[in-house]
1. Can you report the number of residues in segment 13-28 which are within 16 Å of VAL97 (Cβ to Cβ) and among the polar types (S, T, N, Q)?
2. If only one of LEU43, LEU23, LEU59 is closer than 20 Å to GLY124 by Cα and among the hydrophobic types (A, V, I, L, M, F, W, C), which one is it?
3. Report every pair of residues separated by at least 6 positions or lying on different chains whose Cβ atoms are under 9 Å apart, first residue within segment 115-140 and free of Cβ contacts under 8 Å to residues at least 24 places away in the same chain, second in a loop (DSSP other than H, G, I, E, B).
4. Quick check on segment 44-76: of everything there that is within 20 Å of ASP9 (Cβ to Cβ) and modelled with pLDDT under 90, which residue is surrounded by the fewest Cβ atoms within 10 Å (Cβ to Cβ)?
5. Residues that are at pLDDT 90 or above and loosely packed, with under 13 Cβ neighbours inside 10 Å: does segment 15-22 have at least one?
6. Look through segment 77-107, keep the residues that are more than 15 Å from the chain's Cα centre (by Cα) and surrounded by 15 or more Cβ atoms within 10 Å (Cβ to Cβ), and return whichever of them is nearest to LEU13 (Cα to Cα).
7. Could you grab me the full set of residues in segment 115-147 that are at pLDDT below 90 and within 12 Å of ILE78 (Cβ to Cβ)?
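The values are calculated or read from the model by the stated rules, or taken from the named source; none is laboratory data. Computed from a prediction, not measured in an experiment: that's the story for all the values here. Please note: Cβ atoms are built from the backbone with ideal geometry, for glycine as well, and neighbour counts cover all protein chains shown.
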Amino acid sequence: MVQLHPVSDREQLVDTMIGLTQLTQLHRAIIAGSGSMEFYLALRRRGFVRAATTLTCRLARGQHPVGLIVGHNSLQAIEAAITELSPFLGASAAIAVLIDCREIGAGLRIRERLATLGFRIEAGVRCQEGLVLSAIRHGFGQMEKAA
């Protein structure tokens, strides 16, 4: 008989964010937020060796195609993390943001903040930890040059 082990909330979150951003082991991923180190270690255990946190990455040169914001963050902390991640992300990047259950009503402000940085919301998925918003941007560098 096969025993099924329940998937932990953290593992479900990792799976959700990997799926939404289409993160592969070849991609560079940058992680921010109060749970960034724990999430970084979870990705490393899964073989994502090109993952980094904003604290461990030396230079912000727009070289990361995937950004992840994790942890139990307030609305202000999420907005600060989005601003912090932006220089690390390439012109065509995907981002996933965990919105804590207590902050779900603030989703509109987060959507607006992402839009100012050229992101378009693609999906939102509820998980045990809250709501994960996924957004992408295409050709943001071209938009900046035109402005």
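1. So the count comes out to 3.
2. One residue alone meets the criteria, LEU23.
3. If the second residue must be in a loop (DSSP other than H, G, I, E, B), the pairs left are ARG120/HIS138.
4. SER74
5. Checking segment 15-22: at least one residue is at pLDDT 90 or above and loosely packed, with under 13 Cβ neighbours inside 10 Å.
6. The residue in question is GLU103.
7. Matches in segment 115-147: GLY130, LEU131.
Each row is one residue, and each column tells you yes or no for (1) assigned to a helix (DSSP H, G or I); (2) basic (Lys, Arg).
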{"site": "ALA42", "(1), (2)": "yes, no"}
{"site": "LEU55", "(1), (2)": "no, no"}
{"site": "LEU59", "(1), (2)": "no, no"}
{"site": "PRO65", "(1), (2)": "no, no"}
{"site": "LEU68", "(1), (2)": "no, no"}
{"site": "ILE78", "(1), (2)": "yes, no"}
{"site": "ILE82", "(1), (2)": "yes, no"}
{"site": "ALA96", "(1), (2)": "no, no"}
{"site": "ARG109", "(1), (2)": "yes, yes"}
